[in-house]
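Accompanying notes for the structure given below.
Please treat every number below as a calculation from the coordinates, not as lab data. None of the values given here were measured: they were computed from a predicted structure. Please note: Cβ atoms are built from the backbone with ideal geometry, for glycine as well, and neighbour counts cover all protein chains shown.
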Amino acid sequence: MPAVPGIVEAAIAAIRSHGSEDPDSRLALERNLRIGLTDAVDRWFDPRVAVSAPDLHFGLGRAQSRAGRGLDELMGFYRIAAQTVWRRVAAIGSARGARPQDLYRLAESGFGCVEELSTRAAAGFAEEQSQRSGASHSRRSELVRLLLRDPQPGSEVLREGARTARVQLTEQLAMFVGPAEMYEALARAIREEAVLGPREGEFVGVLFDPTEPDRRERLQEAAEQAGTRLALGPAVPLAQARHSLARARALLGLMQGGLVAEAPLLSAEEHELELLLGAEPALAGEFARRRLAPLQSVGGAATRANLALTLKAWLRAPGQRKTIAEELGVHPQTVRYRMTRLRELFGEDLDDPDGRFQLDLALRLEPFATSLLYVEGSRPVPSTS
């Protein structure tokens, strides 16, 4: 017991070489470590020793987090301290005639003590991180509310909200939305973006500086990690945040309806045509049903599907039978047969520019017509029919 102060100082010296080079930071760190080490060594030598602060090591973990230092560093300090203390204890004990078996028992109890204390320190670190993260998330959510308020507050209010949320305002932003049930998963995966929600079946977030590719890539990675799909509105000035949100919501509706491609992150700027065509879903469906009505006279879902695929390919490459055959993976004679059938169905529309435009548009809008060309479970398949 008289050797405890020297043992503690030896452990501090061993840790010092791994600590911060900043004098003020190092001084505060060493003060905390000295308190923790003294407590740990007292517990090591005599577990019955009453300590005044039973949550001391939990508090040390929280202090490590508040100082902005890592958990791995703190756990490393515990390991270095345990090794140094044991070497000094073994040397002192041997010099004073302690039996090897007693030293082994002391080592066993000591390393067990260190494991318990480091676990409590890790728990304190995790709780502090959680509380800080929750507070930060709340401040960022409030910033999203400010941006979406109608009318939007002045620039001074926005700057103060961004400062409180520790977010860098940029000249442009893009709003994104996702399904409400995936909010918790995305909130865990997100890094810098501010997210608000869930509400009314969705959560809402803001991507600052959206033209920077790295920002979009990180948002996509977060969506992939969370296992969700996000719709990203167009990049707009801060004052037009609600406009970007409206486009993002429209795109999410198309995504949930299976009307656009599957992907973790889709951008409204890259799906403007789909958004334009889907602006009036009921009208889009009526138009598709009317223009594609001749196909409904054809029996068999597979035959209708193959005729539709051939018509799509022909509208992209009129008269290029070989090109169409290669695209569809069929024989040119099959293309010829199908085009003959399509001319019977659509007549002069295939030769009229306006007619071809309307047919192409109707095929793009076909999903809005509740699947005219397919029946449940059917798939387009190559066929000679």
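Output the 0 to 90 degree angle, nearest 10, between the alpha-carbon long axis of helix 100-148 and the longest principal axis computed from the alpha carbons of the chain. Roughly 40 degrees, rounded to the nearest 10. Between Arg321, Arg242, Arg159, the Gaussian network model of the chain with springs among Cα atoms under 10 angstrom shows the greatest mean-square fluctuation at Arg321. Compute the acute angle (0 to 90°) between the alpha-carbon long axis of helix 155-165 and the principal axis of greatest extent of the alpha-carbon atoms of the chain; round to the nearest 10°. Around 50 degrees separate the two axes. The string of couplings for the stretch 231-241 from the Karplus curve (6.51, -1.76, 1.60, θ = phi - 60°) is 10, 10, x, x, 6, 9, x, 3, 5, 9, 4 Hz, one whole number per residue in order, with x for Gly and Pro. Roughly speaking, what % of Cα-Cα pairs in the stretch 281-369 are separated by over 18 Å, rounded to a whole number? Every Cα pair in the stretch 281-369 considered, those over 18 Å come to 41 percent. Based on Cα contacts under 8 Å between residues 6+ apart, the stretch 306-371 shows a relative contact order of 29 percent. Per residue, the Cα convex hull of the stretch 59-178 amounts to 131 Å³.
Translational diffusion coefficient, Stokes-Einstein: compute it for the stretch 144-194 using the Kirkwood radius over C-alpha pairs as Rh, at 25 °C and 0.890 mPa s, and state it as an integer in µm² s⁻¹. Diffusion coefficient, whole number: 195 µm²/s.
Largest first and in whole Å, the equivalent-ellipsoid semi-axes of the chain read 69, 27, 16, each the square root of five times a Cα gyration tensor eigenvalue. Remark: the stretch 172-277 carries a charge dipole of roughly 300 debye about the Cα centre, counting +1 on each Lys and Arg Cβ and -1 on each Asp and Glu Cβ. Please build a GNM for the chain, connecting alpha carbons under 10 Å apart, and tell me which residue among Met255, Met339, Met175 fluctuates the most. Comparing Met255, Met339, Met175 in a Gaussian network model of the chain, the most mobile one is Met339. Within the chain, antiparallel bridges make up roughly 85 percent of the DSSP beta bridges whose residues both belong there. Each Cα pair under 8 Å and six or more residues apart adds its separation to the average, and for the stretch 172-277 the resulting relative contact order is 32 percent. Estimated from helical segments only, the mean residue ellipticity of the chain at 222 nm is -20500 deg cm²/dmol, where each DSSP H run of four or more residues counts as -39500 (n - 2.57).
Between Ile92 and Glu269, the contour length at 0.36 nm per residue exceeds the Cα-Cα span by 56.4 nm.
Secondary structure note: in the stretch 172-277, about 85% of the DSSP beta bridges are antiparallel. Using the Cα gyration tensor of the stretch 196-269, with a ≥ b ≥ c the square roots of its eigenvalues, what is the shape: rounded (a/c below 1.5), prolate (a/b larger than b/c) or oblate (neither)? Rounded.
Under a Gaussian network description of the chain, with springs only between Cα atoms under 10 Å, the residue in Glu200, Glu181, Glu127 that fluctuates furthest is Glu200.
Under the convention that each Lys and Arg Cβ holds +1 and each Asp and Glu Cβ holds -1, the size of the dipole of the chain around its Cα centre is about 660 debye.
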